[in-house]
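I have placed the structure first, in the form of structure tokens, so that the comments after it can refer back to it.
The values are calculated or read from the model by the stated rules, or taken from the named source; none is laboratory data. Note that the coordinates shown come from a computational prediction; the quantities given were computed from them, not determined experimentally. A quick note on method: Cβ atoms are made from the backbone with ideal geometry, for glycine too, and the neighbour counts reach across all protein chains shown. Remember, those area values only see protein heavy atoms, side chains included, never the ligands or the DNA or RNA. Shrake-Rupley method; radii C 1.70, N 1.55, O 1.52, S 1.80 Å.
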Amino acid sequence: MSRNAAEGFREYQELFDAGVNLVFLKERHIDTETYKTALQSGIDMTGNQIADIYIEATNRVLMILARQQIELAFLQAEKEVQDLHTRTAEGMKTAKLNGKQTGRPVGAVVVTKKSVHAKAVIKQHSRDFGGTLNDTDVIKLIGEISRNSFYKYKAELKAEM
């Protein structure tokens, strides 16, 4: 839901204000109903000034506890993600130390529909291959392609010749 706990709680707050009901899958007891209940079920004022001061303080404490509970859930989720990243990095490092290949082998070429299409357009329209368009126009003609991919495909085509 977010990159960190603070951002997660802000998003939670926005969704809560928009009337969206959220439930934490791993923390079933923490949901928007908990927060809503804390907001709505405050203790009613009595009219007695001293008692009302205590009631107001109690209502604030209930809100603070509900908020802390939700923030804690986001903090726990953030910690789980960090732990997962750490374990993944450690696993990859151990695999490399044990001689395992991680990632794509060096020099491996992956053929995709997008690359086949892009190379066909480059061959047909690029000035370097007898066409009439410059590189910028060919990139626009292909559509969803980065400049780096375009030049990589162009270099591969030149190497094939």
*Expressed in nm to one decimal, what extension gain is obtained for the pair residue 148 and residue 132 from 0.36 nm per residue of sequence separation less their Cα-Cα distance?*
3.7 nm
*Would you mind calculating the relative contact order of the range 57-159 from Cα pairs under 8 angstrom and at least 6 residues apart, reporting the percent as a whole number?*
14 percent
*Could you name the lysines in cross-link range of residue 93, using Cα to Cα under 22 Å and dropping any fewer than eight places away on the same chain?*
79
*To the nearest 500 deg cm²/dmol, what mean residue ellipticity at 222 nm is calculated for the chain from DSSP H runs of n ≥ 4 alone, each contributing -39,500 (n - 2.57), summed and divided by the residues?*
-22000 deg cm²/dmol
*Given the Cα-Cα distance of residue 3 and residue 87 and 0.36 nm per residue of separation, how much length would full extension add, in nm?*
28.4 nm
*Measuring with a 1.4 Å probe in the full set of protein chains, what accessible area per residue, in whole Å², belongs to the chain?*
74 Å²
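What number does the range 86-161 give for Rg over Rh if you use C-alpha atoms and the Kirkwood radius? List each step's numbers first, then the result.
Details: Rg = 17.7 Å, Rh = 14.6 Å.
Result for the range 86-161 is an Rg/Rh of 1.21.
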*Compute the longest continuous run of the chain that contains no exposed trypsin sites (Lys or Arg not before Pro); treat a site as exposed when its DSSP state is not H, G, I, E or B and it has at most 15 other Cβ atoms within 10 Å.*
29-99
*Ignoring ligands, DNA and RNA, what percent of the accessible area of the chain is carbon or sulfur (1.4 Å)?*
56 percent
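Can you classify the chain as rounded, prolate or oblate using the Cα gyration tensor, where a ≥ b ≥ c are the square roots of its eigenvalues, rounded means a/c under 1.5, and otherwise it's prolate if a/b beats b/c and oblate if not?
The shape class here is prolate.
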*Setting aside same-chain residues fewer than 8 positions from residue 119, which lysines have a Cα under 19 Å from its Cα?*
140, 152, 154, 158
_Full-stretch length increase - residue 79, residue 36 - with 0.36 nm per residue and alpha-carbon distance subtracted_ = 12.9 nm
*Excluding residue 87 itself, what net charge comes from residues whose Cβ is under 14 Å from its Cβ, given Lys and Arg +1 and Asp and Glu -1?*
-1
